[in-house]
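Okay, structure first, notes after.
The values are calculated or read from the model by the stated rules, or taken from the named source; none is laboratory data. Predicted, not measured: the structure shown is a model, and the values here were computed from it. Because the Cβ atoms are built from the backbone with ideal geometry, glycine has one as well, and the counts that use them run over all protein chains shown.
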Amino acid sequence: MTPDTATPPSLSKPRCCGSLILASQLERPGGKLEFMATALWRRPVLGFLILFVAVARSEAAHLRPDFYKSSCPNVESIVRKAVAKKVRETFVTVPATLRLFFHDCFVEGCDASVMIASPRADAEKDAPDNLSLAGDGFDTVIKAKQAVEAQCPGVVSCADILAIAARDVIVLSGGPNFIVELGRRDGFISQATRVAGRLPGPEFNLNLLSSLFRINNLTTYDMITLSGAHTVGFSHCSRFRKRLYSFSSSSSMDPSFNLAYARLLKQACPPNVDPTIAVNMDPYTPTIFDNVYYKNLLNGEGLFSSDEVLFINRLSRPVVQKFAANQTSFFSAFAGSMIKLGRVGVKTGIQGQIRKECTVFN
Ligand code: HEM
């Protein structure tokens, strides 16, 4: 569907810009580290705490792009071939794989815990927050793993295959290319009960979004950047129904909606819509990974409150404006934040295992 571009006057001229400082602070995390380094020798207690945090984070430091250089030198081209084939079969592969990676990393870390299938339907993927993960994402990883196993049996983790596949679908849909760090191992824990509260909801405000990302060592800047993934893919009507029909006691519809966009959403998602109906999250270029997501936010065309709030909140607005105006800057930020996302809670060395099949523990 293609809404016209009529813009409510209140959104056409954003008030600017009390928070440019916040945006630039968020862009330069290095400054903080420098401060920690000088404080270390002066304060032993603080020094101990910093060392502790450093140890806790050090697993990510074990990841490296050439991890399979001698054990499976062609792993990236094998995965790329399998992913490209799957994308040719159905575009849904792109958003499905990207979202699968995000959901995997935020629960137990990037360890393919989301891939595990349980006959009792009590694995991570069976949690309510994961039920809408599209099957094509799982299928992509399973197929890529089979192709990799045929050439390098028992060597490459499902977690790494998912990380490579997520990068590949971004590139295949026109997004930025970047080097994927490797060396993750597959986790032993995959439980539906451990998902609640770890994934963001479409009704979250900026504080809630920021704190959930913070827990995963990702900044607000990373969160705004990674939300740009909503430039591809679909959402079921139920995820934004409230914004259209029962927003608050004073207004049935969220007043931040672009009216023309809301009208089209109401057509696609009438009150008693079939629960399987889904709409494009970026109505203009739904199959292209670009910066149109941010342009839409400027126009009141964010699908979820958690999208539109990035423009409404004056703290995050400058970043949205920057990405809307400059796709190159969005692309380089997105590549950087994806690399950081890929470090969340990883298992390396002797932790975890290399699964033979991604959906079952060895
Ligand atoms: C910032 C907080 C986020 C919230 C609240 C959020 C929420 C959602 C929701 C509710 C859907 C629709 C699911 C459905 O109805 O089927 C969705 C879809 C999607 N999300 Fe997010 N998400 C967030 C961040 C991310 C991140 C960080 C990524 C990846 C880096 C991502 C990638 C996607 C993709 C690609 C889809 C489309 C899935 C498909 O078409 O199968 N999201 N998200």
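Structure above, values below:
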quantity	calculated
Residue count, the stretch 312-342 (criterion: away from the ligand (no atom under 16 Å from the Cβ) and closer than 24 Å to Arg99 by Cβ)	3
Some residue of the stretch 253-269 being surrounded by fewer than 17 Cβ atoms within 10 Å (Cβ to Cβ), of a type in the set (S, T, N, Q) and assigned by TED's automatic domain parsing to the domain that holds Thr220	yes
Hits in the stretch 337-362 - residues which are within 20 Å of the chain's Cα centre (by Cα) and of a type in the set (A, V, I, L, M)	Met338, Ile339, Leu341, Val344, Val346
Pairs where the first residue, in the stretch 284-301, is closer than 16 Å to Val92 by Cα and the second is assigned to a helix (DSSP H, G or I), C-beta under 7 Å, 6+ apart	Thr285/Val292; Phe289/Ile170; Phe289/Thr231
Failed item in (1) touching an Asp or Glu at 6+ places or on another chain (Cβ under 6 Å); (2) more than 11 Å from the ligand (Cβ to nearest atom), with Ser305 passing the rest	(2)
Some residue of the stretch 217-224 being closer than 17 Å to Glu308 by Cβ, touching a strand residue (DSSP E or B) at 6+ places or on another chain (Cβ under 7 Å) and either near the ligand (Cβ under 8 Å from one of its atoms) or not in a helix (DSSP H, G or I) (or both)	no
Close pairs (9 angstrom Cβ cut-off, 6 or more residues apart or separate chains): farther than 22 Å from Thr285 by Cβ in the stretch 220-233, within 6 Å of the ligand (Cβ to nearest atom) anywhere	Thr220/Leu209; Met223/Pro200; Met223/Leu209
Filter result (more than 28 Å from Glu181 (Cβ to Cβ) and hydrophobic (A, V, I, L, M, F, W, C)) within the stretch 303-319	Leu303, Phe304, Val309, Phe311, Ile312, Leu315
Extreme residue, farthest from Leu182 (Cα to Cα), among residues of the stretch 101-145 that are outside any loop (DSSP other than H, G, I, E, B) and of a type in the set (S, T, N, Q)	Asn130
Exclusive hit being within 12 Å of the ligand (Cβ to nearest atom), surrounded by fewer than 22 Cβ atoms within 10 Å (Cβ to Cβ) and of a type outside the set (Ser, Thr, Tyr), set Phe106, Phe91	Phe91
Residue check, Phe247 surrounded by 15 or more Cβ atoms within 10 Å (Cβ to Cβ), free of Cβ contacts under 8 Å to residues at least 24 places away in the same chain and away from the ligand (no atom under 11 Å from the Cβ)	yes
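Every residue, every condition in (1) within 16 Å of the ligand (Cβ to nearest atom); (2) outside the structural domain of Gly154 (by TED's automatic domain parsing); (3) hydrophobic (A, V, I, L, M, F, W, C), yes or no:
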site	(1), (2), (3)
Leu182	no, no, yes
Gly187	no, no, no
Ser190	no, no, no
Asn205	yes, yes, no
Leu208	yes, yes, yes
Ile215	yes, yes, yes
